[in-house]
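Enquirer: What follows is a single structure, and I will ask about it in a moment.
The values are calculated or read from the model by the stated rules, or taken from the named source; none is laboratory data. Fair warning: this is a prediction, and the values are worked out from it, not measured in the lab. Cβ placement follows ideal geometry from the backbone for every residue including glycine, while neighbour counts extend to all protein chains displayed. Note: accessible area is taken over every heavy atom of the protein model, side chains too, but ligands, DNA and RNA are not part of it. Shrake-Rupley method; radii C 1.70, N 1.55, O 1.52, S 1.80 Å.
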Amino acid sequence: MDKRELAEFLRHRREMLRPRDVGLVEGTRRRTQGLRREEVAQLAGMSTDYYARLEQQRAPQPSVQITAALARALRLTLDERDHLFVLIGHNAPARFHRSEQVSPTLMRVLDRLDDSPAMVQTDLFDTLAMNPLAVALLGDQTRHTGLARSGYYRWFMDPAERLMVPEETHERHGRAQAARLRAALTAGSDTPRAARILAELQERSPEFVRMWELQEVAQRYDDCKTILHPELGRIDVDAQVLFTENRAQTLVVLTTRPGTESHSKLELLSVIGHQQVTP
């Protein structure tokens, strides 16, 4: 626990808040800049003396519960909350919060993307929404149900999933899927479901078991990849990602480099959509 930094951080955040920010009456005879110590203590459900000792660098280490209460009382952002946990000497809580509802912010961005394939996915690789060009390129990935909603599960259990990726990249792609599932299992938005996917794959896919035993862990989306379209063939894309603040959902935007054959193919796909390219 960094008592000096903690004291300065608490004092600064307390002084930055106004009573109206936390639902308190401001009053006309107020001398204190920001909130009073007793007001923060009341909001956090602790004694004023204990909070005062935190700012005076004299208090023992607060529990995880008290740390979380302080973060709420001081109206900290997620980044500030994580910083508070580190100063006190605790691991910061996972930021994930699972929701089937697409983030309104990501949905607004998705609605405005009409020249690049884009989709909203969860950390379990469930596709929640796609724009028309993404559907034309990848097929409707929102149609799946059960464990098959997860792209991690489908990669090892659905042979059709492999048809979209060149065979020479299957090994690397499979290892990436296993590594991202491991990250979702330990710090994801739905760890019980991640555990069910893991158990199913361990029972039914020797290939997955081999890759899982490599103990690799990652959260990155593939920056560059090649997609095999059933009629247009190879299309090389670059992936750009935008996360929600809690990182539970990701907007993935696929782009091609201007002047390339892949760019021309994507432009053609944006015009024809689901129409058949060849007789």
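Enquirer: Which order do peptides 105-112, 179-186 fall in by mean Cβ count within 10 Å, highest first?
Expert: Packing order, densest peptide first, comes out as 179-186, 105-112.
Enquirer: Once every DSSP H run of n ≥ 4 in the chain is given -39500 (n - 2.57) and the sum is divided by its residues, what mean residue ellipticity at 222 nm do you get, rounded to the nearest 500 deg cm²/dmol? If you can, show how the numbers build up before the last one.
Expert: Values: 13 runs with 128 residues, N = 279.
The helix contribution divided over the chain gives -13500 deg cm²/dmol.
Enquirer: Right, here's the next one. For the chain, would you read off the P(r) tail past 27 Å as a percentage of all alpha carbon pairs?
Expert: Values: 20869 of 38781 pairs.
Above the 27 Å cut-off, the chain has 54 percent of its Cα pairs.
Enquirer: On to the next question. Cα axis of helix 78-88 to longest principal axis of the chain: angle in degrees, 0 to 90, nearest 10?
Expert: Orientation of helix 78-88: about 60 degrees from the principal axis.
Enquirer: Could you state the accessible area per residue of the chain in Å², with a 1.4 Å probe and every protein chain left in place? All intermediate terms of the calculation are to be shown ahead of the outcome.
Expert: Details: 14990 Å² over 279 residues.
Dividing the accessible area of the chain by its residue count gives 54 Å².
Enquirer: Taking the Cα atoms only, what angle lies between the long axis of helix 64-73 and the longest principal axis of the chain, rounded to 10 degrees?
Expert: 80 degrees
Enquirer: Let me ask you something else. Considering the Cα positions of segment 86-236, please state its Rg to one decimal place and its Dmax as a whole number of Å.
Expert: 16.3, 57
Enquirer: Counting only other residues whose beta carbon sits under 14 Å from that of Leu54, what net charge do I get with K and R as +1, D and E as -1? Present the calculation step by step, with values, prior to reporting the outcome.
Expert: Details: positive: Lys3, Arg4, Arg11, Arg13, Arg14, Arg37, Arg53, Arg58; negative: Asp2, Glu5, Glu8, Glu38, Asp49, Glu55.
Once positives and negatives cancel, what remains is +2.
Enquirer: If you average the C-alpha positions of segment 49-87 and of segment 198-216 separately, how far apart do those two centres end up, in angstrom?
Expert: With segment 49-87 and segment 198-216 each reduced to a Cα centre, they are spaced 41 Å.
Enquirer: I'd like the GluC sites (Glu not before Pro) in segment 178-260 restricted to DSSP loop residues with at most 16 other Cβ atoms within 10 Å, sorted by number.
Expert: Values: sites: Glu200, Glu203, Glu207, Glu213, Glu216, Glu231, Glu245; in loops: Glu213, Glu216, Glu231, Glu245.
Those that pass, being in a loop and sparsely packed, are Glu213, Glu216, Glu231, Glu245.
Enquirer: In the chain, what percent of the accessible surface is made up of carbon and sulfur (1.4 Å probe, ligands and nucleic acids excluded)?
Expert: Details: 7410 of 14990 Å².
That fraction is 49 percent.
Enquirer: Assuming R0 = 30 Å, can you tell me the calculated FRET efficiency for the pair Glu231 and Leu78, based on Cβ-Cβ distance, to the nearest 0.05? Present the calculation step by step, with values, prior to reporting the outcome.
Expert: Values: r = 44 Å, r/R0 = 1.47.
Result of the calculation: an efficiency of 0.10.
Enquirer: Of Val86, Ile235, Met157, which is farthest on the positive side of the dipole of the chain, counting Cα position, with +1 on Lys and Arg Cβ, -1 on Asp and Glu Cβ, and the Cα centre as origin?
Expert: Val86
Enquirer: Helix 170-187: angle to the longest alpha-carbon principal axis of the chain, degrees 0 to 90, nearest 10?
Expert: That works out to roughly 20 degrees.
Enquirer: Going highest first, how would you order 141-149, 128-136 by mean Cβ packing within 10 Å?
Expert: 128-136, 141-149
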